[in-house]
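Structure first, then comments.
Only the coordinates and a few stated rules stand behind these numbers; no lab work does. Fair warning: this is a prediction, and the values are worked out from it, not measured in the lab. For neighbour counting, all protein chains shown are included, and Cβ atoms are generated from backbone atoms with ideal geometry for every residue, glycine included.
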Amino acid sequence: MPCKRYKNKRSIMTNKNPFDILRKEHDKVLKILDNLESNLNKKDINQSKNNINLLQKEFNKHSLNKEEKVLFPEIEKFMPREGGPTGMMIIEHKDLTESIDMFSNERDSNKLADIGNHIINLLREHIDKENNMLFMMAEMHLDNKQKEIIIKKFKGIDLKK
């Protein structure tokens, strides 16, 4: 019996949808953004910096690795990067990376608030576009084999934590 349970558990894991994984990670990022927004409103610079550090770790793992290195190349097999949605997402990733770095190095509380609010607004809109447009388009075009390969690569990234 234990083997059967293990098999069932394993097949559930291999059948998991990569877009569900990414959406769950987006939910985690949205919670960090809520905390960042709250801390910026309270003018709690130390906690805001902690939120940005946490956001940066999640962003690097999720957006720069899982999306840009794993998912986007699969999407770009049926949709061009230039002028396409992945190209726009990469531009936004670059903006977010630069803004996170600026926030991390800034000391002035007014500038921190401006940069922080830019990050919050851009990333919320960015996540909405990915969840409700990009992932839906990709899900329609990618077959189960491609999704399994993506999940395998995601697991490799998660192991590198």
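List the number of the failed condition for GLU148; all other conditions in (1) within 18 Å of VAL70 (Cβ to Cβ); (2) within 17 Å of the chain's Cα centre (by Cα) hold.
All conditions pass for GLU148, except number (2).
Which condition number does LYS61 fail, the rest of (1) over 26 Å from LYS153 (Cα atoms); (2) surrounded by 14 or more Cβ atoms within 10 Å (Cβ to Cβ); (3) of a type in the set (Lys, Arg) being met?
With (1) over 26 Å from LYS153 (Cα atoms); (2) surrounded by 14 or more Cβ atoms within 10 Å (Cβ to Cβ); (3) of a type in the set (Lys, Arg) applied to LYS61, the lone miss is (1).
Of the residues GLU130, GLU106, which is in contact with a Lys or Arg (Cβ under 9 Å, 6 or more places away or on another chain) and either of a type in the set (Asp, Glu) or over 20 Å from LYS61 (Cβ atoms) (or both)?
Unique residue meeting the criteria: GLU130.
Of (1) surrounded by 15 or more Cβ atoms within 10 Å (Cβ to Cβ); (2) free of Cβ contacts under 8 Å to residues at least 40 places away in the same chain; (3) over 19 Å from GLN56 (Cα atoms); (4) not hydrophobic (A, V, I, L, M, F, W, C), PRO73 satisfies all except one. Which?
(1)
For the range 76-89: of the residues being surrounded by fewer than 16 Cβ atoms within 10 Å (Cβ to Cβ) and among the hydrophobic types (A, V, I, L, M, F, W, C), which is farthest from the chain's Cα centre (by Cα)?
Here the answer is PHE78.
Looking at the range 116-135, which of the residues that are aliphatic (A, V, I, L, M) and either touching a Cys at 6+ places or on another chain (Cβ under 9 Å) or free of Cβ contacts under 8 Å to residues at least 60 places away in the same chain (or both) is surrounded by the fewest Cβ atoms within 10 Å (Cβ to Cβ)?
MET133
Which of the residues that make up the range 35-46 are free of Cβ contacts under 8 Å to residues at least 12 places away in the same chain and surrounded by 13 or more Cβ atoms within 10 Å (Cβ to Cβ)?
Listed by number, the residues that qualify are SER38, ASP44.
Going residue by residue through the range 38-54, is there one that turns out to be within 26 Å of PRO85 (Cβ to Cβ), part of a helix (DSSP H, G or I) and of a type in the set (A, V, I, L, M, F, W, C)? Quick ask: steps written out before the conclusion?
Let us first name the residues in the range 38-54 that are within 26 Å of PRO85 (Cβ to Cβ), namely none.
No: the range 38-54 contains no residue that is within 26 Å of PRO85 (Cβ to Cβ), part of a helix (DSSP H, G or I) and of a type in the set (A, V, I, L, M, F, W, C).
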